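One structure below.
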Amino acid sequence: MVKPIRTLVVLADDGMARFMLNTGIGKGLEELRRISAEAFSDTQIEVEDNRGRQTGGPGDMGRHAFDPHETADEAGRARFADHVVAELEREWRRQKADRLILAAAPKMLGALRTRLKGDLANALYRDLAKDLTKVPPRDLPAHFADIMPM
């Protein structure tokens with residue numbers, strides 16, 4: 001008898017991530033857990049309106065040095081992506097999955113992809129640039145029909 005393939009599926013957007021498990025054809029998706037960006041204090045960004053630094057003296061053309069520009073949304077997304085991948089690493093070990101599928105809003109998908117390392121990067125089977133975080137579990141298999149049977 002062939003061992004069923006265990007697939008860990010992560011659904012994410014900038015504010016929430018859901019961790020799901022498929023244990024074989026016809027099994028659908030079991031929701032394991034959810035995490036929210038609101039649960040992490042470092043994902044809550046306060047916007048500051050600081051001016052750039054100017055170097056040089058009076059009468060000097062001077063050089064203007066500005067800090068690297070990152071919007072509050074980008075900073076919050078990056079920090080939440082760090083938390084999602086940390087939780088993904090824990091679930092990966094806990095579930096002893098064989099492969100990984102990411103489905104996320106396009107910008108979050110990019111943030112997650114860049115953070116996958118080692119076993120997780122190698123296990124990435126497919127990804128889907130689509131926000132499915134609010135889709136009920138019973139309706140999710142239809143969204144993955146082109147990727148794999150569930």
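The values are calculated or read from the model by the stated rules, or taken from the named source; none is laboratory data. Every value quoted in this text rests on a predicted model; they were computed, and no experiment measured them. All Cβ positions, glycine included, derive from the backbone under ideal geometry; neighbour counts span all protein chains shown.
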Search result, residues across the range 1-32 that are surrounded by 15 or more Cβ atoms within 10 Å (Cβ to Cβ) and of a type in the set (Asp, Glu): 13, 14
Yes/no for residue 140 being of a type outside the set (Gly, Ala, Ser), modelled with pLDDT of 95 or more and closer than 17 Å to residue 12 by Cα: no
Considering residues of the range 93-150 that are assigned to a loop (DSSP other than H, G, I, E, B) and free of Cβ contacts under 8 Å to residues at least 12 places away in the same chain only, the residue nearest to residue 25 (Cα to Cα): 145
Only listed residue being modelled with pLDDT under 95 and within 22 Å of the chain's Cα centre (by Cα), chosen from 19, 40, 66: 40
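Residues checked against (1) of a type outside the set (A, V, I, L, M, F, W, C); (2) under 12 Å from the mean Cα position of the chain (by Cα):
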residue	(1), (2)
83	yes, yes
94	yes, no
99	yes, no
105	no, yes
120	no, no
127	yes, yes
145	no, no
149	yes, no
All positions within the range 8-39 that are small (Gly, Ala, Ser) and either assigned to a loop (DSSP other than H, G, I, E, B) or out of contact with any strand residue (DSSP E or B) (no Cβ under 9 Å at 6 or more places or on another chain) (or both): 15, 24, 26, 28, 39
Flag for residue 86 being hydrophobic (A, V, I, L, M, F, W, C), at negative phi, at pLDDT below 95 and part of a helix (DSSP H, G or I): no
Tabulated pairs, the range 65-77, first under 18 Å from residue 106 (Cα atoms), second at pLDDT below 80 and exposed (fewer than 10 other Cβ atoms within 10 Å of the Cβ), C-beta under 7 angstrom, 6+ apart or interchain: 72/47
